[in-house]
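Step one of this worksheet: look at the structure below.
Readers should treat all values here as calculations from the given coordinates under stated rules, not as data from a laboratory. Fair warning: this is a prediction, and the values are worked out from it, not measured in the lab. Positions of Cβ are backbone-derived with ideal geometry, glycine not excepted, and every protein chain shown enters the neighbour counts.
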Amino acid sequence: MPSDNKGTDPKSIAARLRERYFNLSSPFLKDVTHKKSLPSKLYKSWSTTELEAEEQEYHEFERGLHISSLGPEFNKPEEQPKLKYELAEDYKSSKHCICMRSNTAYECDRCHQYFYGRLSEICEKHPQEFFLMDNRSCPFCNAPIEMIKKSPISWETIRKIEDAELPSDGDL
């Protein structure tokens, strides 16, 4: 039997929920269950207002307009022509991609250490791409990227210098 709780105050809302669900105080949502609905005979005995009758008629009309009942020609989705935009061969973009640039030797102006890799830069074509292995500061002294400059000598030369044997004390 429906109630007259049609207000929006918390007590009316709670009363409507208690009418609709069992076990609302359960700590788990899965334990809350729907109450069985009343037989349709009971609903027919109540008199409907003109507005409710009109609403019911409209909902029945909507149910009857299901697209599958209209025929097979409406079941197929309309095929849209695929748009394909091809650039001219001589077209050159004003933006260039730096995502796959090679590693380079760099020198820190603060600690004067050399390191090999890439500095973090934002690609004009792919501004959302983020490369985790790009250096954002000096790996030795954590100097900001503004204090790092490209090394005047190649990485191979730097490795040869660093791997060279130092003179022993007897050679002096």
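General remarks:
- Maximal additional length on extending the residue 99-residue 33 stretch stands at 18.2 nm, based on 0.36 nm per residue less the C-alpha distance.
- Considering only 123, 133, 151, the residue lying farthest towards the positive end of the dipole of the stretch 97-172 is 123, judged by Cα position with unit charges set on Cβ.
- Among 118-127, 49-58, the order from most to least packed when residues are scored by Cβ within 10 Å on average: 118-127, 49-58
- Residues with amide H under 5 Å from that of residue 131, placed H, sequence gap 5 or more: none
- Stretching residue 162 away from residue 16 to a fully extended chain increases their span by 44.5 nm, per 0.36 nm per residue minus the current alpha-carbon distance.
- The gain in end-to-end length when the residue 113 to residue 142 segment is fully stretched comes to 9.3 nm, 0.36 nm per residue minus the alpha carbon separation.
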